[in-house]
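*Asks:* Handing you this structure, nothing more for now.
The values are calculated or read from the model by the stated rules, or taken from the named source; none is laboratory data. Model, not experiment: these values are computed from the prediction. Heads up, the Cβs are rebuilt from the backbone with ideal geometry, glycines too, and the neighbour counts pull from every protein chain shown.
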């Protein structure tokens, strides 16, 4: 892994035209380094797409990402992640446990956990075997109804104290990303900031990487 913060893409919450999104994803990945892609098909109100739709989307885009060395995670569902051959799962506080996710997906799977703005949740997730923790929301977001607002100081504290990688999430765009990178985020989780960017996904990914290149992480 490159010794700097990396980009963590999250799909749009709704994908109606899968072929069109596959082309959009390919375009984004041509813009520069992307560490992983989370398939998260859930409305802002928390209504998830059907299993059938998630499977259809997954079968189309997982190979596109993996052949470019981009790890793919499924939101909430370790069972679907395992069935689809994804690299891991991202779970919230009310979803499958880390223990169950590990049992379903195996020792090599990537398991990430939403920890909102809570140091305690982050530490607990680490103790339970999470591969990364996600903090946020750092900025207002239309992707979900965020119940917490995190401060960049949380990332700075985490980076100084804990070895497990931390992901910053919530309303991140090229215009507001830099303070989070400077504070020590290992990954920036971005959805609308790429898919809805004025210049298109490829240009947005390139612009994010220009910022990330300026902030090497300490060894």
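*Asks:* Please work out which one of (1) at pLDDT 95 or above; (2) loosely packed, with under 15 Cβ neighbours inside 10 Å; (3) in contact with a helix residue (DSSP H, G or I) (Cβ under 8 Å, 6 or more places away or on another chain) is the condition residue 93 fails and give its number.
*Replies:* Evaluating residue 93 over (1) at pLDDT 95 or above; (2) loosely packed, with under 15 Cβ neighbours inside 10 Å; (3) in contact with a helix residue (DSSP H, G or I) (Cβ under 8 Å, 6 or more places away or on another chain) leaves (1) as the failure.
*Asks:* If we keep just the residues of the range 120-158 that are farther than 29 Å from residue 199 by Cα and modelled with pLDDT under 95, which is surrounded by the most Cβ atoms within 10 Å (Cβ to Cβ)?
*Replies:* Within the range 120-158, the match that is surrounded by the most Cβ atoms within 10 Å (Cβ to Cβ) is 148.
*Asks:* Still on this model: Within the range 27-77, count every residue that is closer than 18 Å to residue 203 by Cα and more than 17 Å from the chain's Cα centre (by Cα).
*Replies:* Total meeting the criteria: 3.
*Asks:* Collect the residues in the range 159-177 that are farther than 22 Å from residue 88 by Cα and surrounded by 14 or more Cβ atoms within 10 Å (Cβ to Cβ), keeping them in residue-number order.
*Replies:* Correct list: 159, 171, 172, 173, 174, 177.
*Asks:* How many residues does the range 178-191 contain that are surrounded by fewer than 17 Cβ atoms within 10 Å (Cβ to Cβ) and either in contact with a helix residue (DSSP H, G or I) (Cβ under 6 Å, 6 or more places away or on another chain) or under 17 Å from residue 75 (Cβ atoms) (or both)? Full working, then the answer.
*Replies:* In the first step, residues of the range 178-191 are kept if they are surrounded by fewer than 17 Cβ atoms within 10 Å (Cβ to Cβ); the result is 178-179, 182.
Checking which are either in contact with a helix residue (DSSP H, G or I) (Cβ under 6 Å, 6 or more places away or on another chain) or under 17 Å from residue 75 (Cβ atoms) (or both) leaves us with 178-179.
Within the range 178-191, residues that are surrounded by fewer than 17 Cβ atoms within 10 Å (Cβ to Cβ) and either in contact with a helix residue (DSSP H, G or I) (Cβ under 6 Å, 6 or more places away or on another chain) or under 17 Å from residue 75 (Cβ atoms) (or both) number 2.
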